[in-house]
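Only one structure is covered here, and it is reproduced in the block below.
Readers should treat all values here as calculations from the given coordinates under stated rules, not as data from a laboratory. This one's a predicted model, so the numbers in the text were calculated from it and none came from an experiment. Cβ sites come from the backbone with ideal geometry, for glycine too, and all protein chains shown count toward neighbours.
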Amino acid sequence: MAQTKRRRQTKHRGNAAGVVESRGRTGRKPTAAEKTGKVAIEKSAKATRMQRLERPPTWRGAFYRAMAAAVLMLLISLLLLKMKNPNQAVALFPIVLLAYVPISYYTDLWLYRRRMRGKSRPQGTDAK
């Protein structure tokens, strides 16, 4: 008699709520190449974020952030407030940009120094 080619199905058991849960992986441990997936992507994303947070702030980054905030403020003032004279909003743009650049830089610097101070502290102690 010829054998069938169907694979044997694994058992599923329902819990008290009636939800069927699969048993999960019961065979050998996956190799490093097989582990590349969602977990590996999350770990690399976390490592990339930590590297980005460990870099000191720059004036260039502060300028780009201030430019985005100034453009956003310009659009809000033009669209939502519907100023009678749009030249007022355009004239306000460089003033806002000049104010936001140092605010952005020194805020980033304060956060960076705070992060580095917390990192240099021993992990087991609570400084309250």
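For every other residue with a beta carbon closer than 11 angstrom to the beta carbon of Y105, add +1 if it is Lys or Arg and -1 if Asp or Glu, then tell me the sum. Don't skip to the answer; put the middle values down first.
Working: positive: R60, R65; negative: D108.
Counting the neighbours of Y105, the net charge comes to +1.
What full-extension length gain, to one decimal in nm, is calculated for M116 and Y64 as 0.36 nm per residue of separation minus the Cα-Cα distance? Don't skip to the end; give the middle numbers.
Details: separation 52, 0.36 × 52 = 18.72 nm, distance 2.34 nm.
Roughly 16.4 nm would be gained on extension.
Explain nothing, just compute: Karplus ³J(HN,Hα) = 6.51 cos²θ - 1.76 cosθ + 1.60, θ = phi - 60°, for every residue of the range 42-56 in order, whole Hz, x for Gly and Pro.
5, 5, 5, 5, 5, 5, 5, 5, 5, 5, 5, 6, 7, 7, x
Report the calculated FRET efficiency for M73 and Y106 (r = Cβ-Cβ distance, R0 = 25 Å), to the nearest 0.05.
After rounding, the FRET efficiency stands at 0.85.
I need the peptides 51-57, 69-75 ranked by packing, meaning the mean over residues of other C-beta atoms within 10 angstrom, with the highest value on top.
In descending order of packing, they fall as 69-75, 51-57.
Specify whether the C-alpha gyration tensor of the range 36-113 places it in the rounded, prolate or oblate class, a ≥ b ≥ c being the square roots of the eigenvalues: rounded for a/c under 1.5, otherwise prolate if a/b is larger than b/c and oblate if not.
In terms of gyration-tensor shape, oblate.
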